[in-house]
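I have placed the structure first, in the form of structure tokens, so that the comments after it can refer back to it.
The values are calculated or read from the model by the stated rules, or taken from the named source; none is laboratory data. Treat the numbers as computed from the prediction; the structure is a model and nothing was measured. Cβ placement follows ideal geometry from the backbone for every residue including glycine, while neighbour counts extend to all protein chains displayed.
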Amino acid sequence: MSVTPMIEADLVCKQFGRNEVLKGVSLTVQPGEVMCIIGPSGSGKSTLLRCVNHLEQIDAGRLAVDGELVGYRQEGDKLYELRENEVAQKRADIGMVFQHFNLFGHMTALQNVCEAPVQVKRVPKKQAREVGVELLTRVGLGDKLDAYPSQLSGGQQQRVAIARALAMRPKLMLFDEPTSALDPELVGDVLKVMRELAQEGMTMLVVTHEMGFAREVADTVVFMDGGVIVEAGPPAQLLGSPREARTRDFLSRVL
Amino acid sequence: MRHYGRWVAAFVVLLIAASLIRSVITNDRFEWGVVGDFLFDSRVLDGLVLTLELTVCAMIAGVLIGVLLAIMRLSPNPLVSGASGFYIWLFRGTPVLVQLLFWNFIAALYPTIDLGVPFLAPDLISLNANTVITPFVVALLGLGLNEGAYMAEIVRAGVLSVPEGQTHAAQALGMSRLQTMRRIVLPQAMRVIIPPTGNETISMLKTTSLVSVIAYAELLYASQLIYSENYRTIPLLIVASIWYLVMTTILSIGQYYLERRFGRGHSRELPKTPFQRLKSVLVPGHERPTISAQRSPDSAGGGFA
């Protein structure tokens, strides 16, 4: 294969105490690909996402982002654990959007977006501001630049969170159930922004319960249950005619 | 008669109050005239200034040490976190009066203070402890280091009150642990940290009186010096008490408004301040909007968890 995969997971395992959350997960995400992960809660979807972003350390297996191991540096056949600032550097290239938005409560929408570029990438304030205004306008919040998170609806907050992640010019975007905490009528605006992002060629790994979005936008849909990937395939096949009984069972309950 | 219990209680309270007031006025040994003479005595006022100076300096030292200790306490490094835990254990576990005396006699323990590199050049700079450790330094060390231990727990509680998601979001953006703490967590922890810090300041103001044991001429010791000359012990203790009451009252009022300000976002409508209540009684129909109706930067924090 000539192209380096954006994400390459090989038999990734993760456990919290005695609780095995990931029991050997393998998947590959190509640059520009949109992958949706579906599955019941507790199936390890969010943990997988957090592992990709170095927020959790994996216990076994191999996980690489853009050809580089997550959390470790390989020299010869020895692995060295990365230092904290090295990990931080890698995280800076990966955007992450959380279920509960996690906007910084003491900052305006624009300050939220400008914070990391200025603090982490040392972008001049003026330039960061210009980019911030442009990004917020793009997600439809050009008139809410100076609003604080508490003054915004959930859908607006989530769009600010997406703009905040994009401000770091990430090569990969991770979405952890971005619409699960939203009122139904606010879901559409967020999905619209994500759809546009996918069309622009952003590599995206999306944990979601929005089957419509998965069907329409994803290149690949993965069904996880009990810490393993049960089945993966193009959306039409996986959502339309799943091979596995567990997948059929799950889909019959959510669709 | 309804509520006869209340009438009886009120009567008893009035009776006790009246007899107390009568004894305070008729007992000459209170020497209220002397209290008046010394209330604005220059030595007393100098002591008052020193008390205020010491309170401010010790609180600044305490807050700085407290923030440092709290961050150390939350460190993933067990040695760093353990060191902070040990400090807090040591300084909270011994009376501040004992600590003050220890610092006062530090010269007996270390006659010279040597600064340098351990083992290689141990005494690069050598200072005579008796000249460097003035009573003010002793007071500052005693009160500041002790306060640091208490502030550490307050700051730690504040830091822990900030939702974990804030840290996750900052980390996901590539911010370092220190950046996350300084830019994201501490500013939001302030709402929890500020009110108890106000309490600590009021408490510190009174605790400075302990420094009188090391002959530092703050308010209490200044009063003691005067009554050791003229034997008007009670009036001068009353003078000191009046000044302590004045200062704690002023600080309490400041504390009230501070808590109001940092409590915003928790309840929609703030209760009226005593001043606003008085105004609405005196000027009927003239209601001013409460602060919560306006938007300002600090009100944003409470919106989401």
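Structure above, values below:
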| read-out | value |
| --- | --- |
| Among (1) under 27 Å from A:ASN85 (Cα atoms); (2) surrounded by 19 or more Cβ atoms within 10 Å (Cβ to Cβ); (3) free of Cβ contacts under 8 Å to residues at least 60 places away in the same chain - the single one A:VAL139 does not satisfy | (1) |
| Residue count, segment A:66-78 (criterion: touching a strand residue (DSSP E or B) at 6+ places or on another chain (Cβ under 6 Å) and crowded, with 16+ Cβ neighbours inside 10 Å) | 2 |
| Qualifying residue in segment B:125-133 (condition: closer than 30 Å to B:SER203 by Cα, part of a helix (DSSP H, G or I) and either within 15 Å of the chain's Cα centre (by Cα) or of a type in the set (Phe, Trp, Tyr) (or both)) | no |
| Filter pass, B:PHE38 being in contact with a Lys or Arg (Cβ under 9 Å, 6 or more places away or on another chain) and closer than 27 Å to B:LEU205 by Cα | yes |
| Residue match in segment B:151-162 (condition: out of contact with any strand residue (DSSP E or B) (no Cβ under 7 Å at 6 or more places or on another chain) and part of a loop (DSSP other than H, G, I, E, B)) | yes |
| Test: residue in segment B:113-121 that is more than 14 Å from chain A (Cβ to nearest Cβ), free of Cβ contacts under 8 Å to residues at least 40 places away in the same chain and assigned to a helix (DSSP H, G or I) | no |
| Condition broken by A:ASP146, with the remaining ones in (1) over 24 Å from the mean Cα position of the chain (by Cα); (2) buried (at least 18 other Cβ atoms within 10 Å of the Cβ) satisfied | (2) |
| Among (1) crowded, with 22+ Cβ neighbours inside 10 Å; (2) assigned to a helix (DSSP H, G or I) - the single one B:GLY174 does not satisfy | (2) |
| Hits in segment A:160-177 - residues which are within 11 Å of chain B (Cβ to nearest Cβ), assigned to a strand (DSSP E or B) and within 14 Å of A:LYS90 (Cβ to Cβ) | A:LEU174 |
| Matching option when the condition is surrounded by 15 or more Cβ atoms within 10 Å (Cβ to Cβ) and at pLDDT 90 or above, among B:PHE11, B:PHE86, B:PHE40, B:PHE91 | B:PHE91 |
| Those residues of segment B:272-294 which are in a helix (DSSP H, G or I), modelled with pLDDT of 70 or more and farther than 16 Å from B:TYR256 by Cα, in sequence order | B:LEU278, B:LYS279, B:SER280, B:VAL281, B:LEU282 |
| A:PHE98 touching a residue at least 40 places away in the same chain (Cβ under 8 Å) and touching a strand residue (DSSP E or B) at 6+ places or on another chain (Cβ under 8 Å) | yes |
| Selected residue [part of a helix (DSSP H, G or I), of a type outside the set (D, E, K, R) and within 30 Å of B:ARG232 (Cβ to Cβ)] from B:ILE65, B:ILE16, B:ILE71, B:ILE60 | B:ILE16 |
| Test: residue in segment A:21-31 that is part of a loop (DSSP other than H, G, I, E, B) and more than 14 Å from every other protein chain (Cβ to nearest Cβ) | yes |
| Lone qualifier among B:ARG177, B:ARG156 - being within 14 Å of chain A (Cβ to nearest Cβ) and not small (Gly, Ala, Ser) | B:ARG177 |
| Some residue of segment A:79-87 being more than 19 Å from B:SER176 (Cβ to Cβ) and at pLDDT below 90 | yes |
| Failed item, numbered, when A:THR208 is tested on (1) at pLDDT 90 or above; (2) surrounded by fewer than 21 Cβ atoms within 10 Å (Cβ to Cβ) | (2) |
| Filtered residues of segment B:193-208 (kept if without any contact (Cβ under 8 Å) to a residue 60 or more places away in the chain and either in a loop (DSSP other than H, G, I, E, B) or not basic (Lys, Arg) (or both)) | B:ILE193, B:PRO196, B:ASN199, B:ILE202, B:SER203 |
| Entirely in segment A:77-147, the helices (runs of 4 or more DSSP H) that have 1 or more residues that are of a type outside the set (S, T, N, Q) and at the interface with chain B (Cβ under 8 Å from one of its Cβ atoms) | A:84-92, A:109-119 |
| Scan of segment A:191-206 for residues that are out of contact with any Leu (no Cβ under 6 Å at 6 or more places or on another chain) and closer than 28 Å to A:LYS23 by Cα, ordered by number | A:MET204, A:VAL206 |
| Residue count, segment A:1-20 (criterion: surrounded by fewer than 19 Cβ atoms within 10 Å (Cβ to Cβ), part of a loop (DSSP other than H, G, I, E, B) and not polar (S, T, N, Q)) | 5 |
| Index of the failed condition, A:ILE37 passing every other in (1) on the phi > 0 side of the Ramachandran plot; (2) within 17 Å of the chain's Cα centre (by Cα); (3) assigned to a strand (DSSP E or B) | (1) |
| Near pairs, Cβ below 6 angstrom, 6+ apart or cross-chain, from segment B:146-164 (surrounded by fewer than 21 Cβ atoms within 10 Å (Cβ to Cβ)) to any residue that is outside any helix (DSSP H, G or I) and of a type in the set (Gly, Ala, Ser) | B:PRO163/B:ALA305 |
| Pair list, Cβ < 7 Å and 6+ apart or interchain, from segment B:220-243 residues that are without any contact (Cβ under 8 Å) to a residue 24 or more places away in the chain to residues that are of a type in the set (A, V, I, L, M) | B:TYR227/B:LEU236 |
| All positions within segment A:20-67 that are of a type in the set (Asp, Glu) and over 21 Å from A:LYS171 (Cβ atoms) | A:GLU20, A:ASP59 |
